[in-house]
Amino acid sequence: MSEATDSPNISDLLWEQRKFPPSAAFQANALVSETHLYDIASEDYEAFWATQATETVTWNKPWNTICEWKSPYSKWFIGGELNVAYNCLDRHVEAGNGSKVAIHWEGEPGDTRTLTYAWLLDEVQKFSNALKGLGVQKGDRVNIYLPMIPEAVVAMLACARIGAAHSVVFGGFSSQALADRINDAEAKVLITADGGYRRGEVFPLKPQADEAVSSTPTIEHVVVVKRGGNAVTMHEGRDHWYHDLMAVAEPVCVAEPMSSEQLLFLLYTSGTTGKPKGIMHTTGGYLTHVTYTHKYVFDLHPETDVYWCTADVGWITGHSYIVYGPLSNGATQVIYEGVPNYPENDRLWSIVEKYKVSIFYTAPTAIRTFMKWGVEEPQKHDLSSLRVIGSVGEPINPEAWMWYHENIGQGRCPVVDTWWQTETGGIMISPLPGVTTTKPGSATFPLPGIGAEVVDEKGNVITRGGGYLTLTHPWPGMLRGIWGDPKRFQETYWSKFPGRYFAGDGAKLDDDGYLWLLGRVDDVMNVSGHRISTTEVESALVSHPSVAEAAVVGANDATTGQAIIAYVTLRGGASVSENDLRNHVAKEIGAIAKPKAIFFTPDLPKTRSGKIMRRLLRDVAEGRNLGDTTTLADASVVTELQKRAAESNED
Ligand code: PRX
């Protein structure tokens, strides 16, 4: 139960006892079913990563130093040379797999494209030459602002091939967000499209790009892919149709070996607040990290598996587990352009059935939405091809985990809950599906090669209970800094606990040493001196059979310091009273965590990548004017909640 009052640490309230060992049938065919990777890595993590770099990546020149660590800066595989595009394409074609399908692409309206490794290689070579023709050179930055179409993958790989760093901006971001990111990166070229499909309609991108480019002096050329068919204005001399450039591009562009520490990409992350940070990732270490994790976390059998990650290439998940990890491993994957509920709520399951997807990777926000829509949707389809299912992006509530396990994984598929960040480059904490006994809601253990510890406020290591998640030693995919802002890099990640990377997340360890993520520490509530994580109260709410999704925040309270206010979305057709829910929380995790008030809402405010924005809910609960709402996916959700909060204050 709860800890003593005034504990400086985060309370440890929720107890989850269900356990799911890998089945013998799964283990029989798994890449790893014993603990040897953990054993080897714990002896010498650098040597372990060097083995992974040798086994999973092709190098033009071997490295002379595995890792140089001058805190907070690390370099990996120093002296080594390689080309990321070569690793993702050429080596598979050279090995005789040119006709293998790399991407089954499905457009939202139902149009499809089947793209082989040989096709991708041809396309990437031509586009590399087209970029060179526009003056792009090694070391330059190129911005990409595209829908989920194959050309996004081509553009990223073409940049990698010629040593230009890409900076992908999610297609749902505004022209101002795009302009800010272009200006920070000082990009030379912007690659965009006329428009893309979303909810059955074309959303225009080129007009947004035009507006952005009117305030980005560094952009010399704009390349436009035709997808939406919407009318666009082309600026003579500056704008070029992708298909026109490709029609005249030379077919061969040799993959030039790059130094292991060559900048591969910038990816801007804002979290839920603050000016976006340009997270820097480099070549050899990053590719090693994502190739290794994609192979082992998903137990990838590239000959037979069909892999599908539902993220957008605009996020780190899309970079690492749509583009670089899967293609480096020679996987066959599905890429889908649109939303999960077009034309109906079963679109994703129809795609799983159609392409016989065997590995499926999505986010808790999607899983909770599927819960809201009901089990009838997946039940309309044959999901028997699935073998492994994964989750990323937020803590997955135990009940959402169980729903996913039972209704999508059909009780058969290991669930891999993968904890990582834009900054970590690749997966850090996750089960290995053939090895780890999972518990619903726990990301379990650091992967072999990764060091993670939970510490208290003073930085002392704790072995049980709640605290702060830290990473104890460098790893190959770690960020190399924040573009143009070394001070912020030092302050954000390395100053709270000297010598450790602080991820900004709370975490707890249970009696068996399992790690449980507790959400961002900025969201932790303080109720009568108890530090209570939002995740645990939300999970208690979601464990009620009527609840699909919940967000809780601490609002100022004269008596208890902060009081817990909950916002709850019910499952389709379900109903429950506020009082029953409050009592349910008290029963699950204790009276201290009982929400003072519960508001029912059809939706929660979320970032465009699907994370709940508790900061805004706190503003609503405390009756403040809303601050920055530009990162919100659907601003009408909070306006509605605000109206209701004002009404309830008048009551
Ligand atoms: O709070 C953690 C949460 O997402 C944050 C990282 O967000 P981002 O950089 O956008 O990357 C998301 C995709 C990797 C983390 O600090 N997070 C991510 N995965 C999990 C998670 N929280 C709990 N469990 C996870 N599996």
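The values are calculated or read from the model by the stated rules, or taken from the named source; none is laboratory data. None of the values given here were measured: they were computed from a predicted structure. Cβ: placed from backbone, ideal geometry, glycine included. Neighbour counts: every protein chain shown. The area values use the complete protein model at the heavy-atom level, side chains included, leaving out ligands, DNA and RNA. Shrake-Rupley method; radii C 1.70, N 1.55, O 1.52, S 1.80 Å.
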- Of the residues in region 395-430, those that are part of a loop (DSSP other than H, G, I, E, B) and within 11 Å of the ligand (Cβ to nearest atom) number 14
- Query: Can you tell me which residues in region 177-220 are buried (at least 17 other Cβ atoms within 10 Å of the Cβ), of a type in the set (D, E, K, R) and either part of a helix (DSSP H, G or I) or in contact with a Ser or Thr (Cβ under 7 Å, 6 or more places away or on another chain) (or both)?
  - Reply: 180, 181, 184, 188, 206, 210
- Note on the structure: Looking across region 454-470 at residues that are more than 16 Å from the ligand (Cβ to nearest atom) and of a type outside the set (Val, Ile, Thr), the single one that is surrounded by the fewest Cβ atoms within 10 Å (Cβ to Cβ) is 458
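Let's see how each residue does on (1) in contact with a strand residue (DSSP E or B) (Cβ under 9 Å, 6 or more places away or on another chain); (2) farther than 26 Å from residue 266 by Cβ; (3) of a type in the set (D, E, K, R); (4) away from the ligand (no atom under 16 Å from the Cβ):
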site: 435; (1), (2), (3), (4): no, yes, no, yes
site: 444; (1), (2), (3), (4): yes, yes, no, no
site: 450; (1), (2), (3), (4): yes, no, no, no
site: 472; (1), (2), (3), (4): yes, yes, no, yes
- In this structure, is residue 27 out of contact with any strand residue (DSSP E or B) (no Cβ under 7 Å at 6 or more places or on another chain), crowded, with 18+ Cβ neighbours inside 10 Å and at pLDDT 95 or above? no
- Can you tell me which residues in region 582-612 are closer than 30 Å to residue 312 by Cβ, part of a loop (DSSP other than H, G, I, E, B), without any contact (Cβ under 8 Å) to a residue 60 or more places away in the chain and not acidic (Asp, Glu)? 601, 602, 604, 605
- Query: Which of the residues that make up region 295-312 are open to solvent by less than 10 Å² (accessible area, probe 1.4 Å) and within 13 Å of the ligand (Cβ to nearest atom)?
  - Reply: 297, 309
- Message: Report every pair of residues separated by at least 6 positions or lying on different chains whose Cβ atoms are under 6 Å apart, first residue within region 354-377 and within 25 Å of residue 315 (Cα to Cα), second of a type in the set (Asp, Glu).
- Response: 358/305; 359/305; 364/394; 368/549
- Task: Report whether or not residue 439 is of a type in the set (Lys, Arg) and within 15 Å of the ligand (Cβ to nearest atom).
- Result: yes
- Message: Looking only at residues that are more than 11 Å from the ligand (Cβ to nearest atom) and not in a loop (DSSP other than H, G, I, E, B) in region 380-394, which one is nearest to residue 169 (Cα to Cα)?
- Response: 389
- Only one of these conditions is not met by residue 75: (1) over 23 Å from the mean Cα position of the chain (by Cα); (2) assigned to a helix (DSSP H, G or I). Which number is it? (2)
- Message: Just to be sure I understand, how many residues within region 516-536 are closer than 12 Å to residue 12 by Cβ, of a type outside the set (Asp, Glu) and within 16 Å of the ligand (Cβ to nearest atom)?
- Response: 4
- Query: Is it true that residue 215 is polar (S, T, N, Q) and in contact (Cβ under 8 Å) with a residue 60 or more places away in the chain?
  - Reply: no
- Message: I'd like to check something: does region 317-327 contain any residue that is part of a loop (DSSP other than H, G, I, E, B), under 28 Å from residue 188 (Cβ atoms) and open to solvent by 10 Å² or more (accessible area, probe 1.4 Å)?
- Response: no
- Message: List pairs: first residue in region 258-273 and surrounded by fewer than 19 Cβ atoms within 10 Å (Cβ to Cβ) and at pLDDT 95 or above, second residue among the charged types (D, E, K, R) and not in a strand (DSSP E or B) anywhere in the structure, Cβ distance under 6 angstrom, at least six positions apart or on different chains.
- Response: none
